[in-house]
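Report on the following structure.
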Amino acid sequence: MREAARSASGAMSENRKVHIKSFGCQMNVYDARRMADTLARDGYAETASAKEADLIILNTCHIREKAVEKVYSELGRLRGMKADAESHDRKPIIAVAGCVAQAEGKEIIRRAPSVRVVVGPQNIHRISELVARANEGHAVVDTEFAVEDKFEQLAPPKHEITRARGISAFVTVQEGCDKFCTFCVVPYTRGSEASRPAARILAEAEGLIAQGVKEITLIGQNVNAYHGAGTDGRDWTLPKLVARLAEIPELKRIRYTTSHPRDMDDELLEAHRDIEKMMPFLHLPVQSGSDRILEEMNRKHTRADYLRIIERTRKARPDMAFSSDFIVGFPGETDRDFEDTLALVREVGYAQCFTFKYSPRPGTPAADLDAQIPEDVKSERLYRLQELIETQQHEFNLSCVGKELDVLFEKPGRHEGQIVGRSPYLQPVPVIAPKSIIGSVARVRINELRTYSLIGELAGNEPVAPAEYSSPEVNALA
Ligand code: SAM
Ligand code: SF4
């Protein structure tokens with residue numbers, strides 16, 4: 001028998017199913033999870049099948065044009081599915097959340113009338129109420145930036161849900177952006193930069209850790225610009241927050257993403273030097289290797305500034321590996337500018353990168369520049385950049401063979417007796433090990449590289465406790 005649950009609107013509702021499809025960045029993955037947790041209060045259980053769902057949410061990304069088009073084509077597909085469900089006396093609700101919802105608003109309902117809820121990323125805490133109104137037959141659009149703290153109103157995950165999500169979790173610490181890179185929609189869709197108070201982040205992290213989470217990735221559009229109210233009444237920085245989290249014995253690993261070069265300061269580098277639980281892997285987008293393009297992008301840092309940060313980070317933490325984002329074909333980018341980007345990649349030597357063709361976003365300054373680059377030139381540059389980066393990634397992965405790495409074990413692997421974990425650099429590492437190893441860190445001797453996976457064997461018999469982590473060589477900062 002289906003159990004009844006009380007919804008946010010106060011009405012009793014039967015247990016229902018929600019299917020959430022998330023596009024884009026980790027911030028969206030986090031938002032999707034929190035919407036699912038909040039809807040669980042109203043009796044909605046998550047389902048991987050859109051067909052059997054009573055509520056389908058597309059949690060969208062607006063960063064590139066392709067991402068927006070994907071949403072509309074997905075909505076076309078869902079329209080057919082909804083019509084089919086209605087012929088069987090079911091009335092699934094289709095909702096669009098996230099940055100496309102914020103940017104397009106009512107336009108979504110005009111282009112796709114089967115959509116009943118449009119909710120911007122700052123308003124997702126109102127999802128229950130919006131769905132309740134849609135169930136009453138209204139089409140609702142909620143894209144005004146909310147004044148209340150959405151995080152306080154989103155429900156925490158239930159114990160069994162946290163367990164099912166695994167031992168690694170995201171926690172949003174900062175949202176929005178005031179940097180206004182000329183290509184980027186984030187300041188318009190996510191609003192201005194705001195940091196959550198440290199006490200609330202710590203409470204959320206402690207809740208997750210109490211339920212078995214061993215690795216936390218602090219996320220934000222500019223996570224290293226974090227400056228939230230501390231528990232001591234002072235403003236806390238990201239390194240201060242990380243230091244406090246690192247004191248929790250059950251937490252084994254801390255990561256953060258995405259960082260901006262302008263906010264990589266001495267305190268953060270010192271934290272990398274001193275806090276062993278901080279993983280030696282830094283995603284630090286540079287976008288271009290050309291000073292001229294960096295200026296046009298309004299990045300407010302030069303190529304030399306970026307290279308200096310890389311050098312100083314390596315001094316603080318010699319085993320640090322880097323990742324970055326690159327945009328090719330920004331308006332006015334010449335062959336020479338692009339060669340500067342390739343040269344920067346060669347100079348840094350990345351473990352992995354994300355590469356994008358410039359996509360003009362309506363309302364951003366770069367979209368109005370005259371010197372837009374032809375699509376075939378962008379494609380050719382993207383191909384050359386990806387080729388170089390793939391070579392570097394392969395070399396980096398190969399350099400791990402023959403080494404011993406600490407691996408945090410996550411879940412059973414595809415083969416009998418196999419357990420898969422992640423290296424400090426996020427590479428998957430399958431080994432033969434007992435199931436009881438899940439959730440602990442152990443040293444693994446890496447024997448082989450197979451595509452992107454490092455194949456290894458346990459170096460000792462016993463799982464290594466976090467306190468026995470191998471210390472990185474500690475060098476003084478320059
Ligand atoms: N805040 C981060 C930073 O400053 O590097 C990045 C956030 S953004 C969500 C993720 C990446 O999307 C950017 O680093 C950039 O490479 C890419 N991106 C943003 N706008 C783009 C555009 N209009 N065209 C192509 N790529 C874009
Ligand atoms: Fe977008 Fe630039 Fe802000 Fe990053 S720093 S979110 S790229 S505006």
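Can you tell me which of 424-435, 129-140 comes out highest on packing, and rank the rest after it, using the mean Cβ neighbours within 10 Å?
424-435, 129-140
With no other cysteine's Cβ closer than 4.7 Å, which Cys residues of the chain count as lacking a disulfide-compatible partner?
By the Cβ distance rule, which asks for a partner under 4.7 Å, the isolated cysteines are Cys25, Cys61, Cys99, Cys177, Cys353, Cys400.
Any chance you could check the Cα centroid distance between the stretch 291-355 and the stretch 160-216 for me, in angstrom?
One Cα centre to the other: 26 Å.
Carbon and sulfur together cover what percent of the accessible area of the chain at a 1.4 Å probe radius?
49 percent
Where Rh denotes the Kirkwood radius from the mean inverse Cα pair distance, what is Rg over Rh for the chain?
0.97
Rounded to the nearest Å, what's the spacing between the alpha carbon centres of the stretch 47-69 and the stretch 377-412? Just the number, please.
Measuring centre to centre over Cα atoms gives 29 Å.
First measure r as the distance between the Cβ atoms of Arg384 and Leu449, then evaluate 1/(1 + (r/R0)^6) with R0 = 25 Å and state the FRET efficiency to the nearest 0.05.
According to the calculation, E is roughly 0.55.
Only helices at least 15 Å long along their own axis, judged from Cα atoms, and with Kyte-Doolittle mean hydropathy of 0.5 or greater: name those in the chain from DSSP H.
Those that clear 15 Å and a mean of 0.5 are 198-210.
Show Glu247, Glu215 ordered by accessible area, largest first, where the area counts protein heavy atoms only and the probe is 1.4 Å.
Glu247, Glu215
How big is the C-alpha Rg of the stretch 286-345 next to the rule-of-thumb value 2.2 N^0.38 Å, as a ratio?
In units of the 2.2 N^0.38 Å rule of thumb, it is 1.17.
With the crude spin-label approximation of a point 7 Å out along Cα→Cβ, what separation in nm comes out for Arg244 versus Asp178?
With each label placed 7 Å out from Cα toward Cβ, I get 2.1 nm.
Taking the Cα centre of the chain as origin and charging only Cβ (+1 Lys, Arg; -1 Asp, Glu), how large is the dipole, in debye to the nearest 20?
So the dipole magnitude of the chain works out to roughly 1080 debye.
Just grab the label-to-label distance for Arg90 and Val377, each label 7 Å out from Cα along the Cβ direction, in nm (one decimal).
Once both label points are built, they end up 5.1 nm from each other.
For the chain, give me the percentage of DSSP beta bridges that are antiparallel, rounded to the nearest 5 percent.
40 percent
Hey, what's the Cα Rg ratio for the stretch 203-248 versus the globular rule of thumb, 2.2 N^0.38 Å?
Scaled against compact globular proteins, the figure is 1.19.
Can you give the accessible area per residue of the chain, in Å², using a 1.4 Å probe?
45 Å²
Give me a comma-separated list of calculated 3J(HN,Hα) values for the stretch 90-102, in order, Karplus coefficients 6.51, -1.76, 1.60 applied at θ = phi - 60°, integers in Hz, x for any Gly or Pro.
With the stated coefficients, the stretch 90-102 comes to 10, 10, x, 9, 9, 10, 10, 10, x, 6, 5, 4, 4 Hz.
The values are calculated or read from the model by the stated rules, or taken from the named source; none is laboratory data. Bear in mind that the values here come from a model prediction, so they are computed numbers and not experimental data. Note: ideal-geometry Cβ built from the backbone for every residue, glycine included; neighbour counts use all protein chains shown. Accessible surface is based on the protein model in full, side chains and every heavy atom, while ligands, DNA and RNA are left aside. Shrake-Rupley method; radii C 1.70, N 1.55, O 1.52, S 1.80 Å.
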